[in-house]
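S.K.: Before anything else, here's the structure in question.
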Amino acid sequence: MESIVTSAQQGLMALRSASTSLARTQGQRALTPQAVNVGSGERLLSTLLGGVLLLRAARRPSVGSVALALSGGALLHRGVTGHCYVYDAVGRKALPGAEHTARPERSITIERPAEELYRMWHDPRHVSALMSGFAEVEGMPDGRWRWQVQLPLGKSVEWTTTTTEDRPNELIAWRTEPDAPFVHEGSVRFRRAPRDWGTEVTLSMSFGSPGGVLSELTSGLFSMIPKALEEEILRKCKSMIVAGELPTLERNPSARKRTRSSTSGAAARR
Amino acid sequence: MRALCWNGVNDLRVETVPDPEIVNPRDAILKVVASTTCGSDLHFINGYIPTMREGDVIGHEFMGEVVDVGPAVTKVKRGDRVVVPSFICCGSCWYCKHDLYSLCDTTNPNAVMQSAALGYPTAGIYGYTHAFGGYAGAHATYVRVPHADTDCFKIPEGVSDEQALFLSDAAPTGFMGADFCNIRRGEVIAVWGAGGVGQMALQSARALGAERVIAIDRFPERLALAREKAQAETINYEEEPVLDRLKELTGGRGPDACIDAVGMEAHGPGVQYAYDRVKQALRLETDRGEALRQAIMAVRKGGVLSVLGVYGVMDKFPLGVLMNKGITVRTAQQHGQKYIPKLFDMLHKGQLDTSCLATHHFSLEDSARGYSMFKKKQDGIMRAVFRPD
């Protein structure tokens, strides 16, 4: 059996080439523009349904299956390109405000000066602690970062990012290197907050190239996934720097786990 | 160690669970000396608030002896006898620095989950729902106390375990409720609910200068305690119409401030109560808001409504009444860390009697029975106090 990493990477490569070809089509459309006029959830459904219909048609070739294949193909096209000719015909040329899919971002206010927070986001120890739970992040001597995400069955996916912009006490931005299995971009911005609030910190993390399927999956309807991730990271950042520690339920007593027998408990302390 | 665990709706059992350990450098481990029931526990015992998990250790009102401290703890020492507020606070964030301790921004491990429900997360609590942190509670032999230097208050000589116990939650909550009323000389304060928190609010309102305090409840022994300890006038809502009686007692003006010390499982004699009861039983609404609605109706024009009860998403909330009468609403989960020093002082001066709440005593092993009595309000119980063996 092929390893999951390879298949995951192949999948990601496929997504990448799909999004590249999509970008190319979009480029050609400079002549005959076809705007995205299908919402992201609907695009996902169209893509899935179109794929299922095509597969069913391919299994048993017949006159009926040609019709099936045609509608499957149309749905798939609609899902992947995000353009629906029916919508176009009834006057829905584009999604309201869909020209730019906003990168999901979250902000938090931290009662510390920007200088301190900027330093923290440059410290490999801190960054890897902030990202723990999502990815293992390691700062390399040349200033790049190596990311590793654990997948089920002990497999993992890895990528490397380089810093693309670094303005002291203002902004750190990073992006995957060209040979990465997919595009990951991120940035953290620092802005002075009013009164005694400290600094407003904004974290933005996106996955997949703009217009690509992965990017679609993690924006719009599904942007809650990166947003929840960003909020978790920002909360950790705040607890660590303000309270000096992360709130934790590690070794929290409950009647759920009976495997852990604590002999180092308080009985020994009396 | 032994601990009282939630295993489902109306299913509490004392079980053997792992001892807590020092996890973070600012932690302390307390050997629990005494812990007590709180009315807000009944909401998850009865299944009206979500995010409990089977096997959770419950209990958030407690005092005890420090038996271990982490390397970053400087003020608290082994052997200290301390009381701990039910909210876990870091003492360093903006909210803690501005005395809004229960809004601490750094101590809820499930902050993201909770902010989905509230917009922003609050501090964590011991022994409550996972939205509020999921920290193990204190109806147990030992409890882990994070941020020990901020959250452990050393109990002065001359203050008994039982007096100090209620400074963990009931007393600061009640005092805060009275503090919210901005009481001026000559004012009349009405308190719905004469349980632990209500009694503390009545006594505190007196201490803060209220000329008269009025207690509203249906249990004669609770009303009697309010008369005895806070010189309260009392209204038994099962026997008299509350709004008429309050108007009578205040020359038709209404109380200057009304404190709700009841929450989401209010009782009442009317049609609205029956309607709420059915809807809540069918889980179509989270709250039976009879007491709160009555308080909103009763408070004088331009007065203060101080809400201490715990609520979910309430139906038929009479916002128009609040608006048209120009009422100021003050509410919070308790900021115990702000009030405990003041409360020690009040105990010392004899302005506050907390130990009168400790009407029934149980060993920790018998704590499930204690909750059952507390829930059914049997035998004149005010609070059940548990002591590990």
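S.K.: I'd like the full set of residues that are surrounded by fewer than 19 Cβ atoms within 10 Å (Cβ to Cβ), outside any strand (DSSP E or B) and either away from every other protein chain (no Cβ under 14 Å) or at pLDDT below 70 (or both), limited to the range A:190-216.
M.R.: A:210, A:211
S.K.: Residues that are in contact with a Cys (Cβ under 8 Å, 6 or more places away or on another chain), at least 3 per element: which strands (runs of 3 or more DSSP E) completely within the range B:277-389 meet that? Steps first, please.
M.R.: Numbers: elements: B:304-307, B:328-331, B:358-363, B:383-387.
Passing ranges, in order: B:304-307.
S.K.: Do you know which of the residues in the range B:1-11 that are surrounded by fewer than 24 Cβ atoms within 10 Å (Cβ to Cβ) and within 11 Å of chain A (Cβ to nearest Cβ) is nearest to the chain's Cα centre (by Cα)?
M.R.: So the residue we want is B:7.
S.K.: Does residue A:174 satisfy the criteria of being assigned to a loop (DSSP other than H, G, I, E, B) and of a type in the set (A, V, I, L, M, F, W, C)?
M.R.: Values: assigned to a loop (DSSP other than H, G, I, E, B): no; of a type in the set (A, V, I, L, M, F, W, C): yes.
The answer is no for residue A:174.
S.K.: Here is a follow-up. So if I check each of B:215, B:190, B:274, B:201, which one is of a type in the set (Gly, Ala, Ser), outside any strand (DSSP E or B) and touching a strand residue (DSSP E or B) at 6+ places or on another chain (Cβ under 9 Å)? Write out each step before concluding.
M.R.: On the way: B:215 fails: outside any strand (DSSP E or B); B:190 fails: outside any strand (DSSP E or B); B:274 fails: touching a strand residue (DSSP E or B) at 6+ places or on another chain (Cβ under 9 Å).
Among B:215, B:190, B:274, B:201, only B:201 is of a type in the set (Gly, Ala, Ser), outside any strand (DSSP E or B) and touching a strand residue (DSSP E or B) at 6+ places or on another chain (Cβ under 9 Å).
A quick yes/no check of all residues on (1) within 8 Å of another protein chain (Cβ to nearest Cβ); (2) in contact with a His (Cβ under 7 Å, 6 or more places away or on another chain); (3) charged (D, E, K, R); (4) free of Cβ contacts under 8 Å to residues at least 12 places away in the same chain:
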{"site": "B:56", "(1), (2), (3), (4)": "yes, no, yes, no"}
{"site": "B:61", "(1), (2), (3), (4)": "no, no, yes, no"}
{"site": "B:68", "(1), (2), (3), (4)": "yes, no, yes, no"}
{"site": "B:76", "(1), (2), (3), (4)": "no, no, no, no"}
{"site": "B:82", "(1), (2), (3), (4)": "no, no, no, no"}
{"site": "B:92", "(1), (2), (3), (4)": "yes, no, no, no"}
{"site": "B:101", "(1), (2), (3), (4)": "no, yes, no, no"}
{"site": "B:104", "(1), (2), (3), (4)": "no, no, no, no"}
{"site": "B:111", "(1), (2), (3), (4)": "yes, no, no, yes"}
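S.K.: Counting only residues that are aliphatic (A, V, I, L, M), give me the helices (runs of 4 or more DSSP H) lying completely in the range B:38-146 with at least 1 of them. Can you show your working first?
M.R.: Details: elements: B:39-45, B:94-97, B:111-118.
Correct list: B:39-45, B:111-118.
S.K.: From the list B:137, B:119, B:127, pick out the single residue that is more than 8 Å from chain A (Cβ to nearest Cβ), more than 20 Å from residue A:241 (Cα to Cα) and surrounded by fewer than 24 Cβ atoms within 10 Å (Cβ to Cβ).
M.R.: Sole residue among the options that is more than 8 Å from chain A (Cβ to nearest Cβ), more than 20 Å from residue A:241 (Cα to Cα) and surrounded by fewer than 24 Cβ atoms within 10 Å (Cβ to Cβ): B:119.
S.K.: Let me ask something else. State whether the residues of the range B:163-178 include one that is within 18 Å of residue B:332 (Cα to Cα), touching a residue at least 12 places away in the same chain (Cβ under 8 Å) and surrounded by fewer than 24 Cβ atoms within 10 Å (Cβ to Cβ).
M.R.: no
S.K.: Among the numbered criteria (1) crowded, with 24+ Cβ neighbours inside 10 Å; (2) within 14 Å of another protein chain (Cβ to nearest Cβ), which single criterion is violated by residue B:149?
M.R.: Unmet for residue B:149, out of (1) crowded, with 24+ Cβ neighbours inside 10 Å; (2) within 14 Å of another protein chain (Cβ to nearest Cβ): (1).
S.K.: What are the residues in the range B:254-265 that are in contact with a helix residue (DSSP H, G or I) (Cβ under 8 Å, 6 or more places away or on another chain) and either among the basic types (Lys, Arg) or surrounded by fewer than 24 Cβ atoms within 10 Å (Cβ to Cβ) (or both), if any?
M.R.: If the condition is that a residue be in contact with a helix residue (DSSP H, G or I) (Cβ under 8 Å, 6 or more places away or on another chain) and either among the basic types (Lys, Arg) or surrounded by fewer than 24 Cβ atoms within 10 Å (Cβ to Cβ) (or both), then B:254, B:265 are the ones that fit.
The values are calculated or read from the model by the stated rules, or taken from the named source; none is laboratory data. Model, not experiment: these values are computed from the prediction. Please note: Cβ atoms are built from the backbone with ideal geometry, for glycine as well, and neighbour counts cover all protein chains shown.
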